[in-house]
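One structure is given below, encoded as structure tokens.
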Amino acid sequence: MLKSSRLILPFLSCLAFSACNNGNPTTASPAADNEQQELTLEELAETNAAFRLNQQGDSALHSGDFQGAMTLYQMSLDSAAANADSFAYYDTRLDLACLHDRLNELHTAIEIAEPVLAAYIRSEDSARIGRAYSTLSAFYGRAKMTEKMLVAAQNGFDILRTRGDLMVRCAAHNQMAFTFSDAGHWDKALPLLDSALLFMQASGVLDQLPAMYLNIGNCHRKLGHWPEAQRYFKQAENHADSLGQVYIRAVALERLSQVATATGNHADALSLYRESVVLKDTLFTREKARNIQALEVSYQTKEKEIEIQLLRANQQTEVARRNLLLVIFSISIALAGILLHYWRVKFRHAQLALAGHQRQLHEFAHLLLDKNTRLGELEVALNATQTNTVETVEPDTDETVPSAHGIHSTDFDQDLYNRRILTDTDWEVFKNYFERGLPGYLQRLRTSFPKLSGAEERLLLLIKLNFNSNEVASTLGISKDSVKKGRQRLRKRLGLQTNEDLEQFIQSF
């Protein structure tokens, strides 16, 4: 293929590709012709899922998301097959073939597109047949299958030159012009390009207008029409500059430099060539600029695939990290729950044990109280008996008559008195119960008031257990007056003021 004819390729590829996606008709019956459709594209988009998916695939493709476009096209195929909609199915397959062409997978594109053409021929839908021929012609040309390219291009052009919308006709004329230019027939390509320009201007789709001017100018250059070539190249430069198409502008400047060289204006040729090189260098390096046409689509595709792979890897890493954090959090919650349950059970057991010790303390304290109370009652009863049975005493002797029980009353009274006093053994047992019922209380008391005597300490502990003065006296085996005096001494030892209540202080300590 000639280098000059390749310059037409970018624009022709776009137009051939747009022929695949521009106004895909979708009807209920494969036998219906494109011109006989009554539904608008908006109505079709609302009623046909395959059509909507196809349009979404087109949007993804135009934005450079080739992987997303392929996924959406496949979903459109599945939807069309499920609904027995043959037109929607084959229209999407043709779009899929164009996508593989964009990915430079030409043999795959041809393998997909050829059965689509056969299906359109069976349906007798002339618009679709022409579009399929034109699209296949572009595939054949890029695959260096010249004979098939010429046949397909002529067949497609014969159908589409008078059918379809303006951009479809524009694409048909451009494809045929590309076929002639690739064969070096520039005189045959020029009128086709002029017609394509008129169709494009009439359609109002002008984003590819600079490329069209560039192609026409290049055709005039090949034919030696230097003024016409210069005029179209300048138009291409001006429109590309206004649309921000830097590469097209750089190529137009390069072509203007070639025209200046051919017409003997070497100064302008050098200036234009330098400007072209500067523009190209703003986009790519010199090495990439030499191969830009062959690598542009492939580079963008690979870059997009890498971005998608990195995004997926990052997403997978993030999901794995969240899952790990979730597992750690779940384990932490489970361990915290187990520990909480363990401490609650342990605390409950401690509470039950403490309540049991306190109950034992109170029971033992009241046991001492009951013992001394019964001993007191026995003493009262004994005194009453002694009053009624007064012993007989001889006038001239000092002997005492034995009691009815054969025991001297003085010995019995002393023994009874000894039993009523809180013995050391009782006190040790009492302290053990107290320590278990009120852990640490005695240690804290002795630390705060180290000068407390043993009797004062016993009195304080009994008051702590809510014993009143009578119960204290009975428990300790002392009189109420002794209890009263002991309370006074205890107040002084504790450093209480006159207005401070002893019981309240002991209970709050």
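The values are calculated or read from the model by the stated rules, or taken from the named source; none is laboratory data. Everything quoted here is computed from the prediction, not taken from an experiment. Positions of Cβ are backbone-derived with ideal geometry, glycine not excepted, and every protein chain shown enters the neighbour counts.
Only one residue in R128, R142 is in contact with a helix residue (DSSP H, G or I) (Cβ under 6 Å, 6 or more places away or on another chain), farther than 21 Å from S203 by Cβ and basic (K, R), so which one is that?
Being in contact with a helix residue (DSSP H, G or I) (Cβ under 6 Å, 6 or more places away or on another chain), farther than 21 Å from S203 by Cβ and basic (K, R) holds for just one of R128, R142, which is R142.
How many residues, within region 306-357, are farther than 30 Å from D65 by Cβ and either touching a strand residue (DSSP E or B) at 6+ places or on another chain (Cβ under 7 Å) or not small (G, A, S) (or both)?
25
Listed residues A127, A109; which is surrounded by fewer than 24 Cβ atoms within 10 Å (Cβ to Cβ), assigned by TED's automatic domain parsing to the domain that holds A49 and under 25 Å from R161 (Cα atoms)?
On the way: A109 fails: surrounded by fewer than 24 Cβ atoms within 10 Å (Cβ to Cβ).
The conditions single out A127.
Return yes or no: is L150 at pLDDT 80 or above, aliphatic (A, V, I, L, M), closer than 30 Å to G224 by Cβ and in contact with a helix residue (DSSP H, G or I) (Cβ under 8 Å, 6 or more places away or on another chain)?
Criteria met by L150.
Could you run through region 197-217 and say how many residues are in contact (Cβ under 8 Å) with a residue 40 or more places away in the chain and of a type in the set (A, V, I, L, M, F, W, C)?
Just the residues of region 197-217 that are in contact (Cβ under 8 Å) with a residue 40 or more places away in the chain, to begin with: 208, 210-212, 214-215.
Now narrow it down to the ones that are of a type in the set (A, V, I, L, M, F, W, C): 211-212, 214.
Matching residues across region 197-217 total 3.
Looking for whichever is closer than 25 Å to A113 by Cβ, touching a residue at least 12 places away in the same chain (Cβ under 8 Å) and part of a helix (DSSP H, G or I) here; the options are A172, A252, A240, A260. Which one fits?
Testing whether each residue is closer than 25 Å to A113 by Cβ, touching a residue at least 12 places away in the same chain (Cβ under 8 Å) and part of a helix (DSSP H, G or I) leaves just A172.
Checking K148 against (1) under 23 Å from A240 (Cα atoms); (2) within 53 Å of the chain's Cα centre (by Cα); (3) surrounded by fewer than 24 Cβ atoms within 10 Å (Cβ to Cβ), which single condition isn't satisfied?
The failed condition is (1).
From F66, F87, grab the single residue that is over 30 Å from K304 (Cα atoms), out of contact with any Gly (no Cβ under 7 Å at 6 or more places or on another chain) and buried (at least 16 other Cβ atoms within 10 Å of the Cβ).
F87
Identify all residues within region 175-196 that are without any contact (Cβ under 8 Å) to a residue 40 or more places away in the chain and among the charged types (D, E, K, R); write none if there are none.
D187, K188, D194
Hey, among A82, A132, A97, which residue is aliphatic (A, V, I, L, M) and either modelled with pLDDT under 85 or farther than 28 Å from T179 by Cα (or both)?
A82
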